Protein chains: 2
Amino acid sequence: MAARQPLTVEVTRGDMVESRHRAAAVVMDGAGKTPHSWGDVGRLVYPRSAIKPLQTLALIETGAAEHFRLSDAEIALASASHNGTPAHTVAVASWLARVGLSERDLECGAHPPMDEEAARALVRAGCAPGPLHNNCSGKHAGFLTTARHMGEPTAGYVKAGHPVQERLKEILGQMGGADLARAPTGIDGCGIPVYGMPLSAMARALARMADPAGLGEKRRAAARRIVAAMTAHPDLVAGPGRFDTLAMQAAPGAFAVKGGAEGVYAAILPSLGLGVALKIDDGAKRAAEVAMAAILNSLGVLSDKQALELLEAPVLNAAGSKVGVVRMEAGWNA
Amino acid sequence: MAARQPLTVEVTRGDMVESRHRAAAVVMDGAGKTPHSWGDVGRLVYPRSAIKPLQTLALIETGAAEHFRLSDAEIALASASHNGTPAHTVAVASWLARVGLSERDLECGAHPPMDEEAARALVRAGCAPGPLHNNCSGKHAGFLTTARHMGEPTAGYVKAGHPVQERLKEILGQMGGADLARAPTGIDGCGIPVYGMPLSAMARALARMADPAGLGEKRRAAARRIVAAMTAHPDLVAGPGRFDTLAMQAAPGAFAVKGGAEGVYAAILPSLGLGVALKIDDGAKRAAEVAMAAILNSLGVLSDKQALELLEAPVLNAAGSKVGVVRMEAGWNA
C-alpha cells in the first residue's frame with residue numbers, strides 16, 4: 001500500500017493556526033497488513049518508552065515474574081512511565097525489597113517526579129529526587145528482577161551487552177520482524193540502549209501483542225498478561241492527569257496505550273487485533289497525544305464523548321484561560 | 001528574491017537523527033532588502049514575546065520612561081522574558097512602587113519562576129507564584145507605567161481596545177509596514193492581544209530597530225535606548241542559563257536577541273543594520289535557539305568559539321550524560 005500524506009496536528013491561538021506538527025503513523029494487524037498509514041512508515045525511529053510493554057515480555061518469559069510472584073500492578077509498573085507519586089515510588093521500593101535489592105541498585109538516574117504536586121512535596125521535604133522518582137523505575141525494577149532470577153550480575157544491567165539488554169533486543173527484533181544487529185543505536189533517557197527500527201516494525205511488534213495467537217505459548221501468555229495488567233491499572237502506567245491514564249480510564253479494557261519521549265506513541269488493541277505506532281517528526285508530546293486520540297477514535301475504541309479534551313487539547317494562558325487548542329487538521333482521515 | 005528551502009534543525013541521539021524541526025527565517029535590512037531568507041517568509045506568525053523590544057517603544061515615546069526616570073535596567077526588564085529570580089522580581093516590585101502601583105495591578109497571571117532554583121525556593125517558603133514571577137512582569141510594569149503617565153485607567157490595560165494595547169498595535173504596524181486592522185488575533189500567554197503578521201514584516205520591524213536612521217527623532221532615540229539597555233543587561237532580559245542571556249553575554253554589544261513562545265525569535269544587529277525573525281513550524285524552543293545561534297554565527301556577530309553549546313546544544317539523559325545534540329542540518333547555509 002502506498003504511503004499516504006503525513007498527519008498534521010495544528011496548534012491554534014485565537015483566529016489562526018500558530019504551529020503545526022507533522023507525523024507518520026501506521027495501524028497494523030497481526031498478519032502484518034496495514035489497514036491505515038500516514039506518511040513515511042519505513043522511517044527509522046527509536047521507540048523509546050512507547051515499547052515498555054514489549055520490554056516487559058522478558059520479565060515474564062524468563063519465569064522471573066512467577067518466581068517473585070509479581071502482581072499485575074507490578075507488571076503495569078514495569079510497563080510504565082509513571083508520575084513518581086508516592087503510590088508509584090512506594091510500590092517500586094517494596095517490589096525491589098522483595099527481590100533483595102533497593103533504590104541504590106537502580107541505574108536509571110534521577111529526575112523530579114513528573115507529577116507536579118509530588119515534585120513540590122519533595123522540595124518542601126528538602127529531598128532531592130532519587131532514582132525511584134524516575135518515571136522508568138518500575139521498568140528498571142523489572143530488569144533487576146530478571147537479572148536476579150537468571151543469576152546475572154545486577155550492576156551494569158543498563159549497558160549494551162548485558163544479558164538483560166541482549167534479551168530485550170532479541171525480543172524486539174523478533175516481535176517487529178526487524179534485524180537489529182546493525183541498527184543505529186543510542187542511549188535512552190534512562191541509560192539503556194535504544195535501537196533505530198522502522199515505524200512499521202514497531203507497529204508489527206505492537207500488533208503481535210494485540211493478536212498474540214501466532215506466538216509461542218509462553219510469549220502469548222506473557223503478552224496477554226501485560227496488556228491485561230496495563231488496562232487494569234491505568235493509574236500506574238502514567239498517573240493523574242496524564243494522557244495514557246486518562247485514555248485507558250475513558251475506555252476500560254479497550255486498549256493499552258503508551259507514550260514515549262520525542263513524540264513516539266504505541267497502542268495495543270486486543271479486541272481488533274491491531275497495533276498502532278506513531279512518531280511526530282519534531283518529537284512533540286502534545287501532538288503525539290492528540291494524534292493517538294484521533295486514531296483510537298477513528299478505530300472506534302474511544303468515542304467522541306470519551307475522548308473530549310484528548311481530541312482537542314486546550315492551550316491555556318498564564319491566567320488559566322483557554323486561548324487555543326491542539327487538534328488534528330480538518331479532513332485528516334478523509 | 002525567491003524563498004529558499006526551509007531550515008531544518010536536527011535532534012540526534014547516538015547514531016541517528018531522532019527528530020527534525022523545520023523553520024522559516026529572514027534577515028532584513030533597514031531598507032527592506034532581504035540578504036537571506038529560508039522557507040515561506042510571507043507566512044503569518046504571532047510574534048509573541050520576541051517583539052517585546054518593539055513594545056517598549058511606547059514606554060519611551062510617550063515620555064513615561066523619562067517622567068518616572070526609568071533606568072536602563074528597567075528598560076531591559078520591560079523588554080524581557082525574565083527568569084523570575086529575586087533579582088528580577090524585586091526590581092519590578094520596586095519600579096511599580098515608584099509609579100504608585102503594586103503586584104496587585106499586574107494582569108499577566110502567574111506561573112512559577114522559569115529559574116528552577118527560584119521556583120524551588122518559593123515552594124520551600126510555602127509561597128504560591130504571583131504575577132511578579134511571570135516572565136512578562138517587567139513588560140506589564142511598562143504598560144502600567146505608560147497608562148499612569150497618560151492618565152489612562154490601569155485596570156483592564158491588557159484588553160484589546162485599551163489605549164495601551166492600541167498604541168502597541170499601531171507601533172507594530174508602522175514598524176513592520178503591515179496593516180494589522182484586519183489581522184487575525186489571539187491572546188498571548190500573559191493575556192494581551194497578539195496579531196498575526198507576516199514573518200517578513202516582523203523582520204522589517206526588527207531591522208528598523210537595528211537601523212533607526214529612517215525613523216522620526218523620538219522613535220529613533222527610543223529604539224537606540226532599548227537596544228543599548230538590552231545589550232547592557234543581558235541578565236535581566238532572560239536569566240542564568242537562558243539562551244538570550246548567554247548569547248548576548250558571549251558577544252557584548254553586538255546584538256540584542258529575544259525569544260518568544262512557540263518558536264519565534266528576534267534579533268537586532270545595530271552594527272550591521274539588520275533584523276532577523278524566525279519561526280519554528282512546530283513551536284519548539286530548542287530548535288529556535290539553535291537556528292538563531294546559527295544565523296548570528298553566519299552573519300559574523302557570534303563566533304564559533306562564542307557560540308559553542310548554543311550552536312550544538314547537548315541532549316542529556318537523566319543521569320546527566322550527553323546522548324545527542326540539537327544542531328542545524330549539514331549544509332544549511334550552502
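The numbers here are math on the coordinates, done by the rules we state, and not lab data. Since the structure is predicted, the reported quantities are computational estimates derived from the model, not experimental observations. Don't worry about glycine lacking a Cβ; one is built from the backbone with ideal geometry, like all the others, and counts go over all protein chains shown.
Among the Cys residues of chain B, which have no other cysteine Cβ under 4.7 angstrom away? Taking the Cβ cut-off of 4.7 Å, the unpaired cysteines of chain B are B:Cys127. In the distance distribution for the protein assembly as shown, Cα-Cα pairs more than 39 Å apart total 36 percent. Peptide B:274-282 has a mean of 3 when you count, residue by residue, the C-beta atoms of other protein chains within 10 Å of its C-beta. What would the Debye equation give as log₁₀ I(q)/I(0) for the stretch B:280-334 at q = 0.19, 0.24, 0.25 Å⁻¹, counting only Cα atoms as equal point scatterers? Evaluating at q = 0.19, 0.24, 0.25 Å⁻¹ gives log10 I(q)/I(0) of -0.69, -0.98, -1.03.
Quote the FRET efficiency, to the nearest 0.05, computed for A:Glu170 versus B:Arg124 with a Förster distance R0 of 41 Å and r equal to the Cβ-Cβ distance. Efficiency at R0 = 41 Å is approximately 0.30. The stretch A:211-268 and the stretch B:284-299 have Cα centres separated by 39 Å.
Shielding by partners for peptide A:42-49, expressed as the average number of C-beta atoms from other protein chains within 10 Å of each residue's C-beta, is 2.
Annotation for A:Gly214, label-to-label distances across the other copies: 6.6 nm (shortest first, one decimal, point 7 Å from Cα along Cα→Cβ). When the scattering of the stretch B:168-261 is computed by the Debye formula from its Cα atoms alone, each counted once and equally, what is log10 I(q)/I(0) at q = 0.11, 0.24 Å⁻¹? Summing over Cα pairs of the stretch B:168-261 leads to -0.38, -1.23. Note on B:310-323: average number of Cβ atoms from other chains within 10 Å of each residue's Cβ is 4. Taking chain A as a Gaussian network of alpha-carbon nodes connected by springs under 10 Å, the highest mean-square fluctuation of the residues A:Met150, A:Met16, A:Met197 belongs to A:Met16. When the trypsin sites (Lys or Arg not before Pro) in the stretch A:73-172 are filtered for DSSP coil states and for at most 16 other beta-carbon atoms within 10 Å of their beta-carbon, the remaining sites are A:Lys159. From the largest down, the stretch A:208-251 spans 37, 14, 11 angstrom on the principal axes of its Cα atoms. Taking the Cα centre of the stretch A:224-311 as reference, the dipole from Cβ charges on Lys and Arg (+1) and Asp and Glu (-1) amounts to some 280 debye.
Across all Cα pairs in chain B, the calculated P(r) in 20 Å bins from zero up to the longest distance comes to 33, 59, 8, 0 percent per bin. With label points set 7 Å from Cα along Cα→Cβ, the inter-copy distances at B:Val325 are 4.2 nm, sorted shortest first.
Here the stretch B:1-153 is treated as a Stokes sphere of Kirkwood radius computed over C-alpha pairs; at 4 °C and 1.567 mPa s its diffusion coefficient rounds to 71 µm²/s. When chain A is treated as a GNM with alpha-carbon contacts under 10 Å, the residue of A:Gly214, A:Gly32, A:Gly191 showing the greatest mean-square fluctuation is A:Gly214. In whole angstrom, note down how far apart the Cα centers of the stretch B:77-140 and the stretch B:47-68 are. What the calculation gives is 19 Å, centre to centre.
Between copies, the label points at B:Ser71 (set 7 angstrom from Cα along Cα-to-Cβ) are spaced 5.9 nm, reported in nanometres from shortest to longest. In this calculation the C-beta distance from A:Ser94 to B:Lys33 is compared with R0 = 45 Å, giving a FRET efficiency of 0.10. Taking chain B as a Gaussian network of alpha-carbon nodes connected by springs under 10 Å, the highest mean-square fluctuation of the residues B:Ala93, B:Ala319, B:Ala307 belongs to B:Ala319. Loop-located trypsin sites (Lys or Arg not before Pro) in the stretch A:16-48 (DSSP state not H, G, I, E or B) with no more than 12 neighbouring Cβ atoms inside 10 Å: A:Lys33. Given R₀ = 41 Å, FRET efficiency for B:Arg220-A:Ser321 by Cβ-Cβ distance, to 0.05? Calculated transfer efficiency: 0.65.
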